[in-house]
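Scroll down for the structure; my scribbles are underneath it.
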Amino acid sequence: MNRLEKKVAIVTGGATGIGEAISKLFAREGAKVLVVGMPQDPVKDVINEIKKEKGVAIGYSADISSEDDAKGAVEAAVKNWGRLDILINNAGVYPEVNSLESYSVEAFDNLLKNNIRTAFLMTKYALPELKKTRGCIVSAGSEAGKIGLANVTPYGGTKGFMHAFMKGVAVEQAKNGIRANCVAPGPIDTAWTHKETSGINKTMEKQLIQATPLGRRGTPEEIANVYLFLASDEASYVTGAVYSADGGVTVAKGAVGGDIPSKLAKEPKGKLDLKHQQDGATSVR
Ligand SMILES: NC(=O)c1ccc[n+]([C@@H]2O[C@H](COP(=O)([O-])OP(=O)(O)OC[C@H]3O[C@@H](n4cnc5c(N)ncnc54)[C@H](O)[C@@H]3O)[C@@H](O)[C@H]2O)c1
């Protein structure tokens, strides 16, 4: 299928976790993709993996919380392909899990820099180009921006910002033909939701699955599918939405996920070949 044929897309945080799935799915659907990631991220690997599948992608390794680098990312897409149709603000961090009185100021600042400043700068510099193409923006919200999640309260705050930010952009930029939406995932099978790779403990890991009616984590590909819809022309009447893709966690009460038979609680296999699902960072760096 070519649901994004002739489109040029930027995917921030596009080399690991959910971002890797978005980059690869968009390339498969015909988009030319600028994969943006931190210098430590496997951006080159993802580009090569996309090219092996005959997709079109280039990499941009930089910290896009720097104004020059955010501007540079937009310029790189336009210089290479002459236009920009889609901005995916997926970059984000989950640097600490702690009760607020112990939550470090360093981790808080890291959240503001990577979850909020990146989205502000990328959106600001992408808008003039999106105006020319009647393009769209899809940003990473979260269940944590909708409901109260203990021990990650500053993280939840950044996601609440993202929901409100995209709604405002949707209203303000409608006159320029630009749509803006959020995807709000629940617990997704990346480095962030495993006790071995993140700050969560065994009890929290168990709870995040039990609290989810579908009784399992979502896969990066399941989330990428929602990004694809919102970024495509099929979503031409969707703007200002915070689109939940969360296994039902935000509408549930109690440990309902525990009722799901194990056969049904299996993650779908998917069609993408993901190699960096668990390669994201879960500490300040
Ligand atoms: N995993 C989940 O359960 C979950 C749930 C809800 C929302 N989300 C959101 O989805 C997005 C992706 O999460 P993930 O689980 O795939 O994590 P991840 O760590 O695998 O991916 C995030 C990527 O963003 C990159 N990044 C961060 N700051 C950057 C910067 N300043 N410049 C360039 N790149 C930067 C990271 O290096 C990383 O590659 C995040 O915004 C997150 O808040 C995730």
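Normalising by the residue count of the chain, find the relative contact order in percent from Cα pairs under 8 Å and 6+ residues apart.
Details: 618 pairs, mean separation 59.5, N = 285.
Once divided by the residue count of the chain, the mean separation gives 21 percent.
For the stretch 60-104, which chymotrypsin sites (Phe, Trp or Tyr not before Pro) pass both filters: DSSP loop (anything but H, G, I, E, B) and at most 14 other C-beta atoms within 10 Å?
Working: sites: Tyr60, Trp81, Tyr103; in loops: Tyr103.
Hits after loop and neighbour filter: nothing returned.
Taking R0 as 51 Å, what's the FRET efficiency between Ser236 and Glu101 from their Cβ-Cβ distance, rounded to 0.05?
Working from the Cβ atoms, E equals 0.60.
What ranking of His163, His194 emerges when the number of other C-beta atoms within 10 Å of each C-beta is taken as an exposure proxy, fewest first?
In order of increasing Cβ crowding within 10 Å: His194, His163.
By its C-alpha gyration tensor, with a ≥ b ≥ c as the square roots of the eigenvalues, how is the stretch 20-82 shaped: rounded for a/c under 1.5, else prolate for a/b larger than b/c, else oblate?
oblate
Based on the Cβ-Cβ distance from Val284 to Phe229, what FRET efficiency comes out when R0 is 25 Å, to the nearest 0.05?
FRET efficiency, Val284 to Phe229: 0.15.
For Cα pairs less than 8 Å apart in space and 6+ apart in sequence, what is the mean separation divided by the residue count of the stretch 136-209, i.e. the relative contact order in percent?
Relative contact order here is 33 percent.
List the residues, sorted by chain then number, that are 5 or more residues from Lys7 or on another chain and whose placed amide H is less than 5 Å from its amide H.
Lys32
Given the Cα-Cα distance of Lys132 and Phe120 and 0.36 nm per residue of separation, how much length would full extension add, in nm?
So the extension gain works out to 2.4 nm.
In debye to the nearest 20, how big a dipole does the stretch 135-275 give about its Cα centre with +1 on each Lys and Arg Cβ and -1 on each Asp and Glu Cβ?
Approximately 240 debye in magnitude.
So which lysines can Lys263 reach, going by Cα to Cα under 19 Å and dropping same-chain residues fewer than 8 places off?
Lys206
Sort Asp109, Asp246, Asp69 by Cβ crowding within 10 Å, fewest neighbours at the top.
Result, fewest neighbours first: Asp109, Asp69, Asp246.
Once the other residues with Cβ under 11 Å from the Cβ of Ile178 are scored (Lys, Arg +1; Asp, Glu -1), what is the net sum?
+2
Report the paramagnetic label zone for Lys71: residues of the stretch 123-157 whose backbone N is under 18 Å from a point 7 Å from Cα along the Cα-to-Cβ axis.
123-130
Return the distance in nm (one decimal) between the two label points of a simple spin-label model at Lys269 and Lys202, each offset 7 Å from Cα along Cα→Cβ.
3.3
Using the number of other C-beta atoms within 10 angstrom as an exposure proxy, rank Phe165, Phe229 with the fewest first.
Ranked by crowding around the Cβ, least crowded first: Phe229, Phe165.
Note down the net charge around Lys275, summing +1 for each Lys or Arg and -1 for each Asp or Glu among other residues with Cβ under 10 Å from its Cβ.
Here the count lands on -4.
Given charges of +1 on the Cβ of Lys and Arg and -1 on the Cβ of Asp and Glu, with all other atoms neutral, how large is the dipole of the chain about its Cα centre, in debye to the nearest 20?
In debye, rounded to 20, the chain gives about 760.
Quick one: which residues, 5 or more positions from Gly280 or on another chain, have an amide H under 5 Å from its amide H? H modelled 1.01 Å from N in the peptide plane, none for Pro or chain starts.
Gly17, Ala191
Bear in mind that the values in this text are calculations on the coordinates, not laboratory data. Just so it is clear, the model here is predicted, and its values are computed rather than measured. For neighbour counting, all protein chains shown are included, and Cβ atoms are generated from backbone atoms with ideal geometry for every residue, glycine included.
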